[in-house]
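The values are calculated or read from the model by the stated rules, or taken from the named source; none is laboratory data. Since the structure is predicted, the reported quantities are computational estimates derived from the model, not experimental observations. Positions of Cβ are backbone-derived with ideal geometry, glycine not excepted, and every protein chain shown enters the neighbour counts.
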Amino acid sequence: MGWERADPIFPWLVDIRRTIHRYPELAYREARTAQLIITELERLGIPYRYDGVGSGVIGMLDGAGGKGPTVALRADMDALPIAEATGLPFASEIPGVMHACGHDAHVTMVLGAAALLREDPPPGRVLLVFQPAEEQGNGAQVVLASGALDGVDAIFGGHVGHQYCTGQIMVEPGAITAQTDVFSIRVRGRGGHGARPHEATDAIVATALLIVAIQTLISRETNPFHPSVITIGRMVGGSAANVIAEDVLLEGTLRTTSPEGRRRIVNGLERMAKASGELHNVRTVVDFQFGCPPVVNSPLETELARSAAAKVVGEAGLAAMDYPSMGGEDFSFYLEKLPGCYVRFGARRPDQAEVSLHNAQFTVDEEVLKIGAAFFEQVARDTIAALANTVRADDHQLTP
């Protein structure tokens, strides 16, 4: 397969991944990880930009003297506040922090691509984007605000996971993740003694009925062809068994895959909260924190990514996406500004039990490091070649 060209650097890739895994860092605290990346870029002779802890490391591989197309390859650096339970000899040495989402592999893949590209630089520029705070903080916006990606013609990223086996790459056009929003609803009644409910207004009863009603926004008011989810993940209220609660707080997440469906559910949440207040004589306040938009791959870049993936894993290794993930990914902020494609790398041996991301026992089959490095190298070369003699129109399509 095409990833065999990464065989000579595989021991180096494994060492990098295991070092990063052993010393995970949370969002906007990726100091040690950034320094490791800088050390490897310097060893490769690749110049970089780094504005300090909390910013991205941007390597710049120029094979055309400032001319030609510019392609960006993105990896995220941060870890999660999870206590590792893998039992690996290189398990996290930082208490309560773990690379449970595979970002250690992502960083390694892009460094591997840099090593492969440096041997014979393509006739354009490749930006190696090592981004902070994907998990908690929307670090993509920090990178964009820095201006580091100004002039980029296309951007590519990817994610490891167990839904596919090692040797498979999923490449699909259009929406592949959901819009992620967080909301809270505060319900305020009037407290009182549990033995005299007629003298109080029970916020817990009103809240319980509201939770049940909210579920119908998905089952009865959402187009079934547009996957959507509402989850109430936290409810806080009450102080004692014999006290009628005066105040209840609900916190939840909304995941949608269409702008129309999202607007409808947001309006429905506000409508139901208001109606619940009138029905139960309580006051309700709804607050939304709008998160990442959906990741929407652009058509041309998806074609280029699919072709590159086929060169690396073969046509048989191209995996299909049955439905968009309801997870969120801040790569979407790049795709609002730039054309690009986000892929998924299978990272599970066929004989290995599937473990979900963000799980204390998550790890990857390290063979995926070679696959990712080869894919990122190939897609950078192919995209620069495709863009070299074309002009991009405003709609992000290419014309002769």
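Filtering region 191-209 to residues that are in contact (Cβ under 8 Å) with a residue 24 or more places away in the chain and either of a type outside the set (Val, Ile, Thr) or part of a strand (DSSP E or B) (or both) leaves Gly191, Gly192, His193, Gly194, Ala195, Pro197, Ala200, Thr201, Asp202, Ala203, Ala206, Leu209. Within region 81-100, the residues that satisfy the criterion of being within 18 Å of Asp330 (Cβ to Cβ) and surrounded by 23 or more Cβ atoms within 10 Å (Cβ to Cβ) are His99, Ala100. The lone criterion from (1) without any contact (Cβ under 8 Å) to a residue 12 or more places away in the chain; (2) among the β-branched types (Val, Ile, Thr); (3) part of a loop (DSSP other than H, G, I, E, B) left unmet by Val212 is number (3).
For region 312-329, residues that are among the charged types (D, E, K, R) and surrounded by 17 or more Cβ atoms within 10 Å (Cβ to Cβ) total 1.
With respect to Glu301, determine if the residue is acidic (Asp, Glu), at pLDDT 95 or above, farther than 29 Å from His21 by Cα and buried (at least 22 other Cβ atoms within 10 Å of the Cβ). Walk me through it before giving the result.
Working: acidic (Asp, Glu): yes; at pLDDT 95 or above: yes; farther than 29 Å from His21 by Cα: yes; buried (at least 22 other Cβ atoms within 10 Å of the Cβ): yes.
It is true that Glu301 is acidic (Asp, Glu), at pLDDT 95 or above, farther than 29 Å from His21 by Cα and buried (at least 22 other Cβ atoms within 10 Å of the Cβ).
Region 258-376 holds helices (runs of 4 or more DSSP H) entirely within its bounds, and those carrying 1 or more residues that are closer than 22 Å to Met77 by Cα and of a type in the set (Asp, Glu) map to 331-337.
Could you list, in sequence order, all residues of region 235-258 that are over 24 Å from Pro294 (Cβ atoms) and either of a type in the set (Lys, Arg) or free of Cβ contacts under 8 Å to residues at least 60 places away in the same chain (or both)? Step through it out loud before you land on a result.
Taking region 235-258 first, the residues over 24 Å from Pro294 (Cβ atoms) are 235-250.
Across region 235-258, the qualifying residues are Met235, Val236, Gly237, Gly238, Ser239, Ala240, Ala241, Asn242, Val243, Ile244, Ala245, Glu246.
Taken together, the residues in region 96-126 that are in a loop (DSSP other than H, G, I, E, B) and in contact with a helix residue (DSSP H, G or I) (Cβ under 8 Å, 6 or more places away or on another chain) amount to 4. The set of residues from region 78-128 being within 27 Å of Ala385 (Cβ to Cβ), in contact with a Ser or Thr (Cβ under 8 Å, 6 or more places away or on another chain) and aliphatic (A, V, I, L, M) comprises Val107, Val126, Leu127.
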